[in-house]
Amino acid sequence: MSLRSRAENSCNAIARACFRASGPNADVISLRGVTLVYPNGTRALDGLNLEVAKGSFVFLVGGTGTGKSSLLRLLYREQRPTHGEVTVDNVRVDRIKRSRVPHLRRNVGVVFQDFKLLSDKTVWENVAFALQVTGAQTKDVIRQVPRVLDLVGLAHKTRMFPSELSGGEQQRVAIARALVNNPKILLCDEPTGNLDPANANEVMDLLHRINLKGTTVLVATHNALVVDRMRRRVIRLEDGTIVADEERGFYHLNGNGANAAGTPAPLRGSHGLGTNPLLLE
């Protein structure tokens, strides 16, 4: 990475720190000196430092094997770091016992590329199951499931099975399931990876609306079109480290650390969402 790129990234980090010190949004995610080495010796993350403010919308980009999915797995405690601290919603998740992980995941919803729906359950039952496994009372299930299905636009398909839905509809069921516990954070691992452009746009529009309601959203993606159109914070990983961190960023960087439009990436001045950029073609 060039000297100019390093300087711009440093300035961006300083701007974010200054804003957090004076603004209302505290960090809801913090990673300090995080290294993750898998049993086979693969170093997925290497000395990573990251802060994400409450209510942010953040893209994680980079090639396959750069550490995006590994980072997300640390946040919902599918993995423990080899070294370093992982804090989610003021909880050191690298320290919590396995028995406390279900409680953590009530505040952290996860959406996967391959949906992971239960094929023998209806739309309603798939979403309700996420509540039932936490021990929720029947009255809470009856109240919450219609709310999230209405939010994702599937209130009219509650009795259908996953095989009867389009790919976009299946992903919206997965999003509803991730939201039914009212999580503060939503983690999405390639949520548009198996979708055509039209369905991908619908899913990203839904994630945008969820973010507007106050949920912190992190999206790991290879979808350059979505990243470039939405212009949110973009964190680029290479070889398990953060090499760029830009407010209103683009998917690609040129050799000088400038964004895809050829101009230096702007400093991150606030956590505001600004106008809706989701006029996706």
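The values are calculated or read from the model by the stated rules, or taken from the named source; none is laboratory data. On a predicted model such as this, the values are computed, not experimentally measured, just so you know. All accessible areas refer to the heavy atoms of the entire protein, side chains included, with ligands and DNA or RNA removed. Shrake-Rupley method; radii C 1.70, N 1.55, O 1.52, S 1.80 Å.
Structure values in brief
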{"quantity": "The range 101-186, accessible area per residue, ligands and nucleic acids excluded (1.4 Å, Å²)", "calculated": "48 Å²"}
{"quantity": "Kirkwood hydrodynamic radius (C-alpha pairs) into Stokes-Einstein, the range 128-212, 10 °C and 1.306 mPa s, D in µm²/s", "calculated": "118 µm²/s"}
{"quantity": "Cα gyration tensor category, rounded, prolate or oblate, for the range 21-100 with a/c compared to 1.5", "calculated": "oblate"}
{"quantity": "Mean separation of Cα contacts under 8 Å (6+ apart) over length of the range 199-253, as relative contact order %", "calculated": "28 percent"}
{"quantity": "Which of Arg32, Arg233 is most accessible, then next, and so on - probe 1.4 Å", "calculated": "Arg32, Arg233"}
{"quantity": "Volume per residue of the C-alpha convex hull in the range 35-186, rounded to whole Å³", "calculated": "141 Å³"}
{"quantity": "Percentage relative contact order, the range 80-215, counting C-alpha pairs under 8 Å, at least six apart", "calculated": "33 percent"}
{"quantity": "Length-normalised contact order of the range 29-129 in % [C-alpha pairs under 8 Å, at least 6 apart]", "calculated": "26 percent"}
